[in-house]
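These notes are about the structure you will find just below.
Here, each number is a calculation from the coordinates, and none is a lab measurement. Everything numeric in this text was worked out from a predicted model, so none of it was measured.
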Amino acid sequence: MSLREKYFAGLGFRTNKPEFEPGEEISAFVTGYDGDAPVARIGDTILRVEGAPGNALDTRVRLRVEEFDDNDHRGTATYLETVGESSF
């Protein structure tokens, strides 16, 4: 591995529309509601969160992605656990 390759190893760009695979587990903040379902927004991607407790708004939760549409950047995820609270 050259010095340049070592220097740039692991370097990449983040996107505002991340994509997820069904079965993937992630953590995200519950930022609002879509109708009566809580949603987690990761950049411009929106995941509806199923099974979240009533006090999930503004908390960091662990989710399992169930469905995801790469074209619309929308999907459905299942609530697994609360892992933290917002700092604001």
inquiry  = Taking 0.36 nm per residue of sequence separation and subtracting the Cα-Cα distance, how much length would be gained by fully extending the chain between ASP70 and ASP34, in nm to one decimal?
reply    = 11.0 nm
inquiry  = For Rg/Rh (Cα atoms, Kirkwood Rh), one of (i) 1.11; (ii) 1.38; (iii) 1.17 was computed from the structure I shared and the rest are decoys. Which label?
reply    = (i)
